[in-house]
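The values are calculated or read from the model by the stated rules, or taken from the named source; none is laboratory data. Just so we're clear, the structure is a prediction, and the values are computed from it rather than from any experiment. Quick reminder, even Gly has a Cβ in these numbers, built from the backbone with ideal geometry, and neighbours come from all protein chains shown. Please note that ligands, DNA and RNA were not included when accessible areas were found on the heavy atoms of the full protein model with its side chains. Shrake-Rupley method; radii C 1.70, N 1.55, O 1.52, S 1.80 Å.
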There are 2 protein chains.
Amino acid sequence: MPTSASLANRVIKAIESVTGQCDPAAHQQYPLHEPQFAGNEWNYVKDSLDSTFVSSVGPYVNKFEQMLADYTGAKHVIAVTNGTAALHISFMLAGVSRDEEILLPSLTFVATANAASYLGAIPHFVDCDERTLGIDPQALRTYLKKCTEIRAKQCINKNTGHVIRALVPMHTFGHPADIDGLMAIAHDFHLNLVEDAAESLGSSISGRHTGTFGLLGALSFNGNKIITTGGGGAILTNDAELATRAKHLTTTAKLPHPWKYEHDQIGFNYRMPNINAALGCAQLEQLDNMLALKRRLFERYQRAFAGVPEVTVVQERVGCTSNYWLQTLLLNKTNSHKRDAILAATHEKGILARPAWQLIHTLAPYRHCPHMPMEVAKMLERRLINLPSSVKLMK
Amino acid sequence: MPTSASLANRVIKAIESVTGQCDPAAHQQYPLHEPQFAGNEWNYVKDSLDSTFVSSVGPYVNKFEQMLADYTGAKHVIAVTNGTAALHISFMLAGVSRDEEILLPSLTFVATANAASYLGAIPHFVDCDERTLGIDPQALRTYLKKCTEIRAKQCINKNTGHVIRALVPMHTFGHPADIDGLMAIAHDFHLNLVEDAAESLGSSISGRHTGTFGLLGALSFNGNKIITTGGGGAILTNDAELATRAKHLTTTAKLPHPWKYEHDQIGFNYRMPNINAALGCAQLEQLDNMLALKRRLFERYQRAFAGVPEVTVVQERVGCTSNYWLQTLLLNKTNSHKRDAILAATHEKGILARPAWQLIHTLAPYRHCPHMPMEVAKMLERRLINLPSSVKLMK
């Protein structure tokens with residue numbers, strides 16, 4: 001078995017064979033993910049400034065929503081300030097209420113759990129599957145059979161007495177979760193399915209875009225995502241009534257009137273500003289090109305790591321298309337204890353690789369929440385490393 | 001007494017003597033408030049795009065915060081996604097908790113109450129003062145003396161049994177509230193003072209900027225505000241510890257580390273994106289000029305309405321500086337029933353005047369909340385009309 005230093009060295013060599021050599025002495029760095037503005041970004045943003053429509057009303061917001069609907073196949077799209085806001089409103093519209101539980105992967109960004117907390121709901125963390133990096137339907141079914149019962153078409157956690165209202169698959173680093181298995185569970189256990197598709201714009205399952213299988217889906221356009229609006233997100237749904245409610249709730253629940261200010265619900269100031277949507281329209285025009293570049297970057301990494309048998313580059317599953325948002329190494333089990341040494345070595349070289357998130361069920365604010373056994377998530381957390389994934393590396 | 005039509009006619013004539021004639025047949029309109037981008041907006045926004053730093057990390061966010069601190073005199077400024085987010089975090093940091101009450105004016109935009117609701121707190125609506133359009137300290141003191149008692153340095157609502165935790169003056173349309181009177185109440189009744197300064201960037205009291213008297217203050221840079229960032233807001237505070245907590249909470253409560261993702265609290269995705277802050281920096285450079293133009297616009301309206309004795313143009317109080325964000329007519333009492341006829345007539349002419357907000361204690365989501373007698377707020381709601389207030393009208 002190689003030492004940590006020797007493995008780190010070979011990992012760096014493989015990365016640099018793709019990215020080119022990095023010179024940290026010259027303050028050069030390879031970030032994890034940088035945006036690329038190679039199209040109409042400046043034209044559209046300038047147009048938004050020149051029109052003076054930069055805020056929550058403006059043509060680019062509507063255009064961005066329409067472009068996203070066309071791209072994803074979702075019937076309705078509501079653009080919002082960020083992915084967290086999209087999850088917050090999606091969970092609310094899926095009926096998730098105070099003191100109800102919501103099934104979330106522990107291996108996800110903390111925003112998924114935070115959005116549940118804003119509603120006073122209780123995240124109930126579930127394990128994932130090594131093949132998909134997403135929730136494992138088989139393990140979840142076994143777990144739910146044991147610890148829940150159905151009463152009046154509601155799934156009740158027998159340990160806590162709480163209703164479990166929703167199930168939230170997340171498509172990790174752009175790799176689609178096993179949506180068929182999870183939809184079957186949602187059906188059988190009377191759970192509303194909401195997809196956290198924050199990382200998976202451009203990813204699909206049997207040709208159908210992630211985020212369009214659930215009652216609602218949430219996208220993110222944060223600066224580190226495949227396309228960015230600065231800060232931004234979107235809610236996808238095929239349900240016209242939910243779409244109307246989402247738009248209403250995200251625009252302060254104001255009733256339409258030329259001058260009166262009447263609001264009929266507790267609403268939110270979550271509308272994406274027009275200037276950010278202008279950026280988004282230009283970015284979305286280039287998405288197909290970015291997806292092609294990301295796929296080529298994956299292929300390069302795959303070739304580069306062919307000579308490093310201690311690791312695998314995570315590949316899309318058969319039947320799925322991944323957007324390859326973040327290129328991902330999986331250390332084999334016998335080398336999983338070397339992750340931090342590899343990260344320290346890459347950072348020293350200016351290569352800003354990173355681990356997966358700390359499992360949410362171990363974070364201070366969520367330690368008290370219910371969770372199923374986490375064998376796979378724990379093992380994956382130790383073994384995953386994200387590599388520099390910017391499209392510009394392909395230039 | 002003139003008919004509604006005759007008064008509406010004279011109001012329109014007075015407005016048009018300031019704005020120029022409006023031709024609705026040519027789809028010309030005078031909006032209530034349009035932004036003006038006459039400085040470095042293009043340069044800074046383009047620079048933000050060129051740097052690829054458009055999201056939650058970037059130099060313009062820090063620069064915008066520093067410029068706001070210099071301008072307002074607040075020791076610490078935290079830029080966030082919008083004014084609602086600024087209020088939400090400010091209320092949280094002022095200790096406002098679930099099932100506690102928070103004293104808010106009923107005459108304000110609904111976001112003030114929504115931000116309280118996000119914490120599970122109960123808005124307790126209070127009346128305002130005709131002289132300031134803000135909370136009336138004398139009436140409030142009398143009311144609190146009657147309906148509260150102090151126990152263990154907490155103010156208890158004797159009717160509901162709830163703790164009343166905070167008092168939130170709002171500086172209506174840019175006119176400063178009676179902050180001395182309200183600070184005295186906050187002191188005497190053990191309430192934390194948080195200022196809703198969403199409308200009052202550039203407004204001060206005895207030379208001290210609004211939003212810097214309370215424990216925390218909230219600004220807004222929505223598209224209709226005196227300066228805009230598309231969507232944006234900021235938290236002001238002189239307390240270093242509160243500032244640190246505000247920054248932490250608004251950036252997902254992530255602990256600093258080169259690669260680890262550890263979050264020690266339920267945080268929020270509220271950081272202002274760099275592209276929006278770039279716009280803000282350019283706008284802030286022009287604030288003094290905009291304030292001067294707004295003051296001249298006020299003077300023009302004042303002259304124009306000198307011949308309409310049924311109305312007054314609201315003027316800053318002695319000792320205060322108003323930013324004159326929204327120019328405001330006050331119908332005299334005998335003509336208060338003519339407001340809607342005037343609004344209908346102005347809108348027909350393409351002059352997008354508007355009334356004050358519907359009083360929040362009468363809105364469906366807040367009808368059940370406690371409130372004091374609302375004689376002045378009710379009367380002001382009937383009598384107030386905001387006039388087209390864009391800086392560009394002074395060109």
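Restricting B:ARG98, B:ARG141 to residues that are basic (Lys, Arg) and more than 10 Å from every other protein chain (Cβ to nearest Cβ) narrows the list to B:ARG141.
Scanning the stretch A:39-55 for residues that are open to solvent by 50 Å² or more (accessible area, probe 1.4 Å), within 8 Å of chain B (Cβ to nearest Cβ) and either over 23 Å from B:GLY39 (Cβ atoms) or not charged (D, E, K, R) (or both) returns A:TRP42, A:PHE53. Scanning the stretch A:350-368 for residues that are surrounded by fewer than 20 Cβ atoms within 10 Å (Cβ to Cβ), more than 8 Å from chain B (Cβ to nearest Cβ) and not in a helix (DSSP H, G or I) yields A:GLY350, A:ARG367, A:HIS368. Listed here are the strands (runs of 3 or more DSSP E) enclosed by the stretch A:81-200 that have at least 2 residues being surrounded by fewer than 22 Cβ atoms within 10 Å (Cβ to Cβ): A:148-151, A:154-157, A:192-196.
Looking at B:GLN36, is it within 14 Å of chain A (Cβ to nearest Cβ), at pLDDT below 90, closer than 21 Å to A:PHE53 by Cα and surrounded by 14 or more Cβ atoms within 10 Å (Cβ to Cβ)? Criteria not met by B:GLN36. Taking the stretch A:69-80, which residues are open to solvent by less than 10 Å² (accessible area, probe 1.4 Å) and either aromatic (Phe, Trp, Tyr) or part of a strand (DSSP E or B) (or both)? Residues satisfying the conditions are A:ILE78, A:ALA79, A:VAL80. Considering the stretch A:233-254, the residues that are without any contact (Cβ under 8 Å) to a residue 60 or more places away in the chain and away from every other protein chain (no Cβ under 14 Å) include one that is most open to solvent (accessible area, probe 1.4 Å), namely A:GLU241.
Does B:GLY230 qualify as being at positive phi and surrounded by 19 or more Cβ atoms within 10 Å (Cβ to Cβ)? Yes; evaluated as a whole, the condition is true for this residue. Within the stretch B:369-395, the set of residues being in a helix (DSSP H, G or I) and open to solvent by less than 50 Å² (accessible area, probe 1.4 Å) comprises B:VAL376, B:ALA377, B:MET379, B:LEU380, B:GLU381, B:ARG383, B:VAL391, B:LEU393, B:MET394. For the stretch B:204-218, a residue qualifies if it is under 11 Å from the mean Cα position of the chain (by Cα) and away from chain A (no Cβ under 14 Å), and the qualifying residues are B:THR210, B:GLY211, B:GLY217. Being crowded, with 20+ Cβ neighbours inside 10 Å, within 14 Å of another protein chain (Cβ to nearest Cβ) and within 19 Å of B:SER56 (Cα to Cα): is that true of B:HIS257 here? So B:HIS257 does not fit the description; no.
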